[in-house]
Structures are given as C-alpha cells and as structure tokens.
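Written below as structure tokens is the structure these notes are about.
The values are calculated or read from the model by the stated rules, or taken from the named source; none is laboratory data. Predicted model, so just to flag it, every value in this text is computed and none were measured. We place every Cβ from the backbone using ideal geometry, glycine too, and count neighbours over all the protein chains shown.
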Amino acid sequence: MAAVYEAEHIDIGKRVAIKVLAQELTTSAVVVERFLREARAAASIRSPFICDVYDSGKLDDGRPFLVLELLEGESLYERMTVVRYLDPETTVAVMSQVCRGLTKAHAASIVHRDLKPENIFLTKDEEGRLCAKILDFGLAKFYAPVDGGDAQARLTREGAVFGTPAYMSPEQVRGQGAVDHRADLWALGCITYECLTGRTVWQTEQGVAMTFAQIANAPLPQPAALRPDLPPSFTAWFEKALDRSIDRRFQTAKEFADELSIALGVAQPTPPRGAEPSQAGLLAMNSEPPADVTFDPPGVVRVTPNEGRRTVPSGPADRGGDPLGGLDLSGAPGAATAGRMSQGVGQQISFSGGSGEASLPDPLAR
C-alpha cells in the first residue's frame with residue numbers, strides 16, 4: 001500500500017499530490033521497482049488524459065515517493081456508486097478520453113494491465129468540461145522489447161498473473177506472458193458495460209477461481225437484459241470488445257472509441273482546448289531535458305488539509321478484489337482524507353531536483 005498526501009511547494013506555490021510507499025514494502029526490490037515503474041510509465045506518456053508524474057525521490061528512511069498531478073474530482077467508481085449507471089452520452093465522453101490516453105500509452109509500447117473504474121478519475125478541464133484521466137501505472141508492462149534486464153524479467157515473468165480479477169482478459173488469466181495492449185481494451189469493454197448497466201460483467205462474489213472460470217468459459221451477459229433501452233448495436237459492440245480471441249477483438253483504442261460512438265449513436269466530444277502533450281515527460285526517469293529547460297533548486301513543500309478535495313480513489317471496490325501479482329498502490333482506504341492530511345499541518349517535506357533525497361515528518365509517517 002501507499003499513502004497519498006496533498007502538498008504545496010513553498011517557493012512556487014504549486015499544489016501536488018505526494019504518494020509514499022509503505023515502509024514494510026520497501027524490503028521487496030520487485031515492489032519498489034513496480035512503484036517506480038509508475039513514474040517511468042506515466043512520465044513517458046504525454047497526454048492530458050493520464051495523471052502526470054512530476055518527480056520521484058526517497059525519504060530519509062529510504063521510502064520512495066512520487067510527486068503527482070493533484071486532481072480534484074472523483075473516481076469513475078465513486079461516480080457510479082452515486083448514480084448507479086451512466087447515460088450513453090457520458091459513457092462515450094469518458095471512454096473516448098480514456099482511449100485517447102491509452103492511444104498514447106500503447107504507442108509508447110506500454111500496457112496498463114489494471115484498468116478499472118477506480119483507476120479512471122473524473123475531473124474538469126479549464127473550461128469546466130468533464131475530463132477523464134487514467135491513474136496508477138504501477139502494474140504497467142513495457143510490452144515491446146526493452147533493455148530491462150533481470151528486473152524486467154521478474155516483473156513480467158511467464159506464469160505471473162497481474163490485474164484485478166473482474167477486469168482481467170483471458171490471456172491475463174492464463175498467465176502465459178502473451179499480454180499486449182488488447183488486454184487493456186478488454187478491461188475497458190468490461191468498464192463500459194458496467195457504466196451502462198450498473199453491474200460488473202462477471203459475478204465475483206464466489207471468489208477469484210470462479211471469476212477466472214467465467215472469464216475463460218461463461219457466456220457473456222446480455223446488456224439488454226438490464227438496459228432494454230440500449231440499441232442492439234451496443235450488444236454487437238460489446239461482444240466484439242470481449243471476444244476471447246485477441247485477433248477478433250478491437251485492435252486499437254481509437255477503433256474501440258469510434259465503434260462505441262457509432263453503436264450508441266452518440267458523437268464523441270471534441271478534445272479539451274490545449275489538449276497537447278504535457279511537460280511531465282521532461283521529468284521522466286532515464287531521460288534528459290532539452291538544453292533550454294532548467295530546474296529550480298531544491299524546494300520545500302508543505303502538507304496542508306485536504307479541504308474536501310479528492311485526489312485519488314479511496315480504495316479498491318469489493319467487485320473483484322485487489323490486483324493480483326502485485327499490490328494496490330492507489331492508497332489505503334482513507335489515506336487521502338482531510339483527517340489524515342490535517343496531521344501534517346505546518347509540517348514540511350523537503351525534496352530536491354529530479355530524484356533527490358526527502359524527509360517526511362513523523363506525524364505523516366504513521
């Protein structure tokens with residue numbers, strides 16, 4: 001697990017979220033590498049639909065931390081617990097933006113592997129319009145050949161199973177290593193069904209083994225049984241999105257979004273103004289900034305009360321369990337609440353440059 005804090009940079013006043021890995025997990029090299037992988041993956045993708053990672057470093061006690069874009073809003077899961085299900089227009093708007101983010105990730109040969117409603121955050125752009133952002137690349141896999149060495153092999157070894165059961169693709173369940181970007185599209189198909197019907201595709205109450213059996217062999221549910229107002233074209237779309245043959249599934253995120261728009265008869269919204277690549281990639285690990293980019297000297301951030309903001313989903317839902325093959329690093333339930341934040345009022349966290357040392361005051365280290 002990891003705790004997430006809201007913070008403000010003393011010198012420049014920028015508000016950010018700081019994600020700190022739990023002390024008991026720092027003894028596992030694989031867990032630490034997976035935590036830092038979130039920084040490398042997210043920072044290497046320049047998209048307004050992916051939560052930015054600005055920096056990373058270590059606390060005095062050795063715990064790694066990430067400095068993230070601070071988001072105001074709620075997760076898709078939280079939204080659906082309030083409204084039960086979404087209308088087709090909102091569903092298309094959310095999925096089209098998530099697909100834009102995935103298009104950038106997949107172009108960089110990165111597959112998320114743990115897409116679920118908790119990892120899609122709903123906020124607003126500068127014009128007050130809905131903006132969906134993908135969170136938590138902690139289980140991301142660089143599926144093109146990379147110079148990852150033994151660490152990469154350990155994180156993606158054949159036979160390992162990664163993901164949250166209710167949203168895992170058949171190839172993820174098999175754990176055969178043949179997982180590419182189309183696993184993300186399967187998960188997004190499950191999420192789309194859930195958005196429109198208020199139900200998960202698979203019944204998860206009987207445990208992981210039964211969920212896996214359904215993913216492998218059970219017939220798909222019929223959306224019209226829950227939402228008779230949905231057009232038959234959506235059922236055809238859904239059956240393609242969750243085709244167990246990866247070659248018969250949607251092959252790109254763009255195709256996924258375009259066909260969903262057609263199936264529901266809803267136009268995709270125009271991208272938000274200024275939807276250009278962010279500058280987070282300049283801080284990506286293992287990369288150098290352009291010569292004309294300079295960094296401020298070591299700064300100080302002050303942890304402040306949350307003031308009602310939600311920066312991350314409050315925790316995993318009881319609809320498929322925690323991610324397998326790893327740990328849910330999105331924050332323990334309540335970790336980002338105002339009560340937790342208030343413990344650190346008036347305290348300071350110092351960090352330096354691109355990957356320096358940092359210290360966390362004792363009240364926040366608990």
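Residues checked against (1) in a helix (DSSP H, G or I); (2) modelled with pLDDT of 95 or more; (3) in contact with a Ser or Thr (Cβ under 7 Å, 6 or more places away or on another chain):
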site: F212; (1), (2), (3): yes, no, no
site: A216; (1), (2), (3): yes, no, no
site: L220; (1), (2), (3): no, yes, no
site: E239; (1), (2), (3): yes, yes, no
site: R248; (1), (2), (3): no, yes, no
site: F256; (1), (2), (3): yes, yes, no
site: A263; (1), (2), (3): yes, yes, yes
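Entry remark, the range 201-211: residues being surrounded by fewer than 21 Cβ atoms within 10 Å (Cβ to Cβ) and in contact (Cβ under 8 Å) with a residue 40 or more places away in the chain number 2 in total.
Conditions (1) assigned by TED's automatic domain parsing to the domain that holds A105; (2) modelled with pLDDT of 95 or more; (3) of a type outside the set (G, A, S); (4) touching a Leu at 6+ places or on another chain (Cβ under 8 Å), marked per residue:
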| position | (1), (2), (3), (4) |
| --- | --- |
| A22 | no, no, no, no |
| R40 | no, no, yes, no |
| D55 | no, no, yes, yes |
| T81 | yes, no, yes, no |
| A93 | yes, yes, no, yes |
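So, in the range 39-75, how many residues would count as being in a helix (DSSP H, G or I) and surrounded by fewer than 24 Cβ atoms within 10 Å (Cβ to Cβ)? Even if it seems obvious, please write down each step before you answer.
So the first thing to find is which residues in the range 39-75 are in a helix (DSSP H, G or I), and the list is 39-43.
Going one step further and asking which of them are surrounded by fewer than 24 Cβ atoms within 10 Å (Cβ to Cβ), we end up with 40.
Looking only at that region, the number is 1.
Rundown of residues vs (1) in the same structural domain as V67 (by TED's automatic domain parsing); (2) buried (at least 24 other Cβ atoms within 10 Å of the Cβ); (3) closer than 17 Å to E171 by Cα; (4) at pLDDT 85 or above, yes/no style:
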| position | (1), (2), (3), (4) |
| --- | --- |
| S109 | no, no, no, yes |
| D114 | no, yes, yes, yes |
| N119 | no, yes, no, yes |
| L130 | no, no, no, yes |
| F137 | no, yes, no, no |
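Residues being assigned to a helix (DSSP H, G or I) and at pLDDT below 95 are represented in the range 196-209 by at least one member.
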